[in-house]
Amino acid sequence: MNSYAQPGEEGPATADETRQPLTLPPELWLDIFELATYVPGALETESLDPFRLAAPLPIYEAKIALFASMQIKTKIVRVCRQWRDLGTLVLYRIVIAQENITLMRLQQTLLGPQASQAYIEGTLSLRTCIQRFSCLVDPVHTSDSDIEQLSRILTNLPNLSYFTLRVSKGVQPNQVTPVALFSALQECRRSLRALHLDLNMFAVTNPEWCRMISSMIGLRVLSLRLDDLPQDFTLLPSGCMLPNLRSLTLRGVFTPAPLAIHNQLPALRELSVGLASWHNVFAQLGQTVAGQITCLTVRAGWRDEINPLLSHALEAFPNATRLALWVDNWHEFPSDLCIPNIEYLGIGRTTRRECRNTVYNQFIDNLSSIVAPKMRVLRFVGPDEWLDFHTRRPKIWSRFQTLVRRSKCRVEDSAGQAF
């Protein structure tokens, strides 16, 4: 019997005609968006330990990575309506405001007349999506009204766990009033876990600061830049309880008033300081807190005498077994570095300037001279500049590989992968 259709009749559907277009479930699309825009440690609020598997990037690298991630997210939500609805959840998880005009637009988006209608999946507003808010401002052109605008945004972010406020590099502070900002941060205290503040731009007074920081009992990570503060500035007020603070970063040269010995920082384990100012920090924390530190990050200036300064610092923090040492460039990494109690050593440079082969050769020699009988891991923190050395600098790469093979410890890249 013929199976052909007669004129005017429809024949049986073919396999191609009955096959439905393939679609991915929304949950899988969200995973794809997350992977495409992932920045290591961008939402880390528990620790800044550089030896963790998902350790946060250094400040200058994190800034570049976050902006690149934001650009990808912006493109994702413009593809189609479905991607916009799905991607907005990811897009607004981390919000970056780079200029004062961005703050104005953000306020209009989150708090303007249409904000009450901006719902995602019918229930979640944009404000509830934001977990990290990073703000980079030019203090010369920042007024008290700009800070008040920022403060209004902060008080309407119920799930904010990570806040960063930094000033543009190389500009003088305008000393704006921080009262509104500190008040807003107090309102965020229930959800806030990581706080990074550049205090240089503010006319900080002790009462305002002490009232704010004393309310942050849930804080895990605190990072402050402290140049040009009043002589009577107190980092932590007498009797301040920060029971959950695990990581403390202090940048700049400062001489604030010493801490009272009864300050309670029982969870503090990680400390990041400039090598030249470690003694001031130790004087503030006292021996009890210094004895709690197990992970120490130090940033060496180009004029610092690294070996003697680091030796004294490690004596002051006797239980530190993890050390991250940052130098300006590899030619400043010292020879005969003696770190007898360190088990994990991280090394990085803060500049990306190209080095000559003579600098790399001397650097490899200095690495070979490290005295660290307990060292188990040597990790390069920061960008992986060794990746293309096998083709770009084959002789340096050969020497480096020889060092890796002869080393008694594991030598890793910044992701924790062995060379």
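No value in this document is a laboratory result; all are computed from the given coordinates. Since we're looking at a predicted model, the values are computed, not measured. Quick reminder, even Gly has a Cβ in these numbers, built from the backbone with ideal geometry, and neighbours come from all protein chains shown.
For Cα pairs less than 8 Å apart in space and 6+ apart in sequence, what is the mean separation divided by the residue count of the chain, i.e. the relative contact order in percent?
Details: 739 pairs, mean separation 37.7, N = 419.
Dividing the mean separation by the residue count of the chain yields 9 percent.
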Query - At R0 = 51 Å, FRET efficiency that the Cβ-Cβ distance of N357 and I72 yields, to 0.05 - result: 0.90
Requested in this report: Can you find, among L160, W386, Q108, the residue farthest towards the positive end of the dipole of the chain? Put +1 on the C-beta of Lys and Arg, -1 on that of Asp and Glu.
Outcome: W386
Query raised in the report: Using the alpha-carbon centroid of each, what span in Å lies between the stretch 259-320 and the stretch 26-62?
Result: 27 Å
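Please work out how much length the chain gains when fully extended from E99 to H141, using 0.36 nm per residue of separation minus the C-alpha to C-alpha distance, in nm with one decimal.
Numbers: separation 42, 0.36 × 42 = 15.12 nm, distance 0.97 nm.
So the chain would gain 14.2 nm between E99 and H141.
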Requested in this report: Would you pull out the residues with amide H under 5 Å of L245's amide H, same chain only if 5 or more places away, H placed 1.01 Å from N?
Outcome: A267
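Length gain on complete extension for the stretch L35 to N329, per 0.36 nm per residue less the alpha carbon to alpha carbon distance? Show your work: numbers first, answer last.
Details: separation 294, 0.36 × 294 = 105.84 nm, distance 3.23 nm.
Result for the pair: 102.6 nm of gain on full extension.
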Report task. Would you order C188, C295, C355, C80 from fewest to most other beta-carbon atoms within 10 Å of each residue's own beta-carbon? Result -> C80, C355, C188, C295
Report summary line: Stretched fully, the stretch from S398 through T109 gains (0.36 nm per residue minus C-alpha distance, one decimal, in nm) 98.6 nm
Report summary line: Amide H contacts under 5 Å for G416, restricted to residues at least 5 apart in sequence or on another chain and with H modeled in the peptide plane, are none
